[in-house]
Amino acid sequence: MSLDPRIRDVTDRIIERSRPEREAYLDRMAKAAQAGPARAHLSCSNAAHAYAAMGEDKAELAADRLPNIGIVTAYNDMLSAHQPFEFYPAIIREAARKAGATAQVAGGVPAMCDGVTQGRAGMELSLMSRDTIALASAVAMSHDCYDSALWLGVCDKIVPGLVMAAATFSHVPAVFVPAGPMTSGLPNDEKARVRQEFAKGNVGREELMAAEMASYHGPGTCTFYGTANTNQMLMEIMGLMLPGAAFVNPGTGLREGLTRAAVTRAAAITHLGNDYRPAGLILDERCFVNGLVGLMATGGSTNLILHLPAMARAAGITLTLEDFDAVAEAVPLLAKVYPNGLADVNHFHAAGGLAYMVGQLLDAGLLHEDVETVAGTGLARYAQEPKLDGDEVIWVDGPKESLNDRILRAASDPFQATGGLKQLKGNIGQGVIKVSAVKPENHVIEGRARVFTDQPSVKAAFQAGEFTEDTVVVVRFQGPKANGMPELHSLTPVLAVLQDRGLKVALVTDGRMSGASGKVPAAIHVAPEAAAGGPIAKIRDGDRIRLDAVTGELQVLEEGFDARPVATADLSANNFGVGRELFARLRLGATDATEGASILF
């Protein structure tokens, strides 16, 4: 089917807006590619240092005849999603030899777990860790020893940081290699119920801990559809990983087969062969629009509204909130995965997964098919799914019908006609709301403001029984400049309890919410932020606020609001503890949330 004109219009606007920066980017990529594999220009002394410890591969590396694949890994065994990467380098080196190549770990990058730091000071490093990962990746790749690269990462800030680095090394082919989701544990709705009971004081820490451990129980990505799994969907639909690779469980034959196949592909698409596919060629405007479409069709994480613009800027492309909004208006919601539904990503995968969804979106004309991917030319390859044939991976056509229409539906029969995100504008500023998990009766909230500058104060007010009427909870001085823009996910159980009591309740903040949030309407990423003098700093207790996710309105309904002075806050405590002092100057240089909240672009 021909491309939907609404998708074409968005793409054309992005191309025109980005033209100067993109042309300069492509010119740099072409010049780097013309020089040929950088490894060929290493001096003998340079090369000897690089290959000294490579054992049986040393002779091949010194001969400089075979592709050398760099591995950038985010392995640690504190993140369940990244623990399987411990064993990948050995598998990759063996697969590289079979493919007529060599492979080296180029470097490791930090990888923090938002699930561990939720509600704690360490969360204030979380968003800035994305740009730190990009910087660390640049150090790894700066040795100029690699003809292509494998990027090993899964979780929230890690994949965006790796993409930013891969885009910067535009002439080097890049294949992203996932680890897959853990098998299903305690159902997500039951976990959420226990959390709310704990917030109300009805169960103790022992019961809460048992529920949490039953949910997060083994190696692999957390199974809800938060930022980590949204990242994996994006890497597929943007053509940066092999088709069907995202949601195969760790420790299975197919998971290892896909890892080996990624190595084979990375060896085949270098400058030394006949199918050169540099990262900058794949990461074009159409690729990013496909990412936006996937985000809306699946009801993905709001964190990607920050990450996709930063990733795009690394490739010379400018995305705006208007692009997200326009794509959301054009793309129906095809998936219901927790927190948008009861299913987890394993159930989504079993129902047909990305192969079915990509096929549906292509048939509806909502994706650019004519793109370059690591698998070849054309996105139709991503409507296929992998199977093991002996020790080899083959691809077959994906399902043509959903295997569970309570989880995954056809484009002609969606869960809702528009995507899961909505831009908000008004005298408070500009922000976004995730509506895919919010019941329609909560899409419009009007109530009195209660203003806070941190999460503990909200929880204290809740415990004191202070929320007795329809309320818009305003949590400000949570933006990138103020304290690194932490997630405020630990507020979700508290606000959900108020909502379940029959109150109309919403959150307005210049901070973030977790990719797993959604039940309570939340206007997030409000910009300009309070620390930059944004209007959110003018709100006072008792102000009437209207949040309308239907019209996109975010307003204080009080006369004279615009003329008020902005409030200030003592933010000095944000500069110390758990390493925050090392990030203090970086935060000051961060861009607005609407531009990706980046210190780099």
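The values are calculated or read from the model by the stated rules, or taken from the named source; none is laboratory data. Computed from a predicted structure; not experimentally measured. For neighbour counting, all protein chains shown are included, and Cβ atoms are generated from backbone atoms with ideal geometry for every residue, glycine included.
Some observations on this one:
- Taking segment 143-237 and the helices (runs of 4 or more DSSP H) fully enclosed by it, the elements with 1 or more residues that are of a type in the set (Gly, Ala, Ser) and either under 23 Å from Val289 (Cβ atoms) or under 15 Å from the mean Cα position of the chain (by Cα) (or both) are at 158-168, 227-237.
- Applying the condition of being under 17 Å from Arg255 (Cα atoms) and either in contact with a Cys (Cβ under 9 Å, 6 or more places away or on another chain) or small (Gly, Ala, Ser) (or both) to segment 53-112 and asking which residue is surrounded by the fewest Cβ atoms within 10 Å (Cβ to Cβ) yields Ala90.
- Pairing each residue of segment 306-320 that is farther than 15 Å from Ala590 by Cβ with any residue that is at pLDDT below 95 and not hydroxyl-bearing (Ser, Thr, Tyr), provided the two are 6+ apart or on different chains, yields C-beta distances under 7 Å for Ala314/Phe601.
- Residue that is modelled with the lowest pLDDT, among those in segment 332-349 that are closer than 14 Å to Ala297 by Cα and assigned to a strand (DSSP E or B): Val337
- Applying the criterion of being free of Cβ contacts under 8 Å to residues at least 24 places away in the same chain and surrounded by fewer than 11 Cβ atoms within 10 Å (Cβ to Cβ) to the residues of segment 557-571, the residue that is nearest to Arg512 (Cα to Cα) is Asp570.
Quick grid of which residues meet (1) at pLDDT 95 or above; (2) surrounded by 24 or more Cβ atoms within 10 Å (Cβ to Cβ):
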site: Thr264; (1), (2): yes, no
site: Arg277; (1), (2): yes, yes
site: Leu292; (1), (2): yes, yes
site: Leu295; (1), (2): yes, yes
site: Thr302; (1), (2): no, yes
site: Ala310; (1), (2): yes, yes
site: Ala315; (1), (2): yes, yes
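- Of the candidates Val396, Val444, the single residue that is among the hydrophobic types (A, V, I, L, M, F, W, C), in contact with an Asp or Glu (Cβ under 8 Å, 6 or more places away or on another chain), within 30 Å of Val263 (Cα to Cα) and surrounded by fewer than 21 Cβ atoms within 10 Å (Cβ to Cβ) is Val396.
- Evaluating Tyr146 against the criteria (1) farther than 28 Å from Gly596 by Cβ; (2) in contact (Cβ under 8 Å) with a residue 24 or more places away in the chain leaves one unmet condition, (1).
- Within segment 273-281, the presence of at least one residue that is touching a helix residue (DSSP H, G or I) at 6+ places or on another chain (Cβ under 9 Å) and within 26 Å of Pro181 (Cα to Cα) is confirmed.
- Candidate set from segment 572-601 (those that are surrounded by 16 or more Cβ atoms within 10 Å (Cβ to Cβ) and among the basic types (Lys, Arg)); member that is farthest from Ala312 (Cα to Cα): Arg580
- Within segment 422-476, strands (runs of 3 or more DSSP E) holding 3 or more residues that are without any contact (Cβ under 8 Å) to a residue 60 or more places away in the chain: 471-475
- Hits in segment 350-369 (condition: part of a helix (DSSP H, G or I) and over 26 Å from Arg286 (Cβ atoms)): Ala350
- Scan of segment 53-78 for residues that are more than 20 Å from Thr259 (Cβ to Cβ) and either in a helix (DSSP H, G or I) or modelled with pLDDT under 80 (or both), ordered by number: Gly55, Glu56, Lys58, Ala59, Glu60, Leu61, Ala62, Ala63, Asp64, Arg65
- Subset of segment 57-88 [farther than 25 Å from Ser126 by Cα and without any contact (Cβ under 8 Å) to a residue 24 or more places away in the chain]: Lys58, Ala59, Ala62, Ala63, Arg65, Phe87
- Residue ID - surrounded by the fewest Cβ atoms within 10 Å (Cβ to Cβ), chosen from residues in segment 467-482 that are closer than 15 Å to Glu446 by Cα and among the hydrophobic types (A, V, I, L, M, F, W, C): Phe467
- Here Leu408 fulfils each of the conditions (1) more than 30 Å from Ala523 (Cβ to Cβ); (2) of a type in the set (A, V, I, L, M, F, W, C); (3) in contact with a Ser or Thr (Cβ under 7 Å, 6 or more places away or on another chain) apart from (1).
- Selection within segment 507-546 - under 25 Å from Gly596 (Cβ atoms) and part of a strand (DSSP E or B): Leu507, Val508, Thr509, Arg512, Ala522, Ala523, Ile524, His525, Val526, Ala527
- Test: residue in segment 158-176 that is modelled with pLDDT under 95 and hydroxyl-bearing (Ser, Thr, Tyr): no
- Residues satisfying the stated conditions in segment 483-510, i.e. at pLDDT 90 or above, polar (S, T, N, Q) and within 19 Å of Val435 (Cβ to Cβ): Gln499, Thr509
- For segment 317-331, the candidate set comprises residues that are assigned to a helix (DSSP H, G or I) and not aliphatic (A, V, I, L, M); within that set, the residue that is nearest to Asn249 (Cα to Cα) is Phe324.
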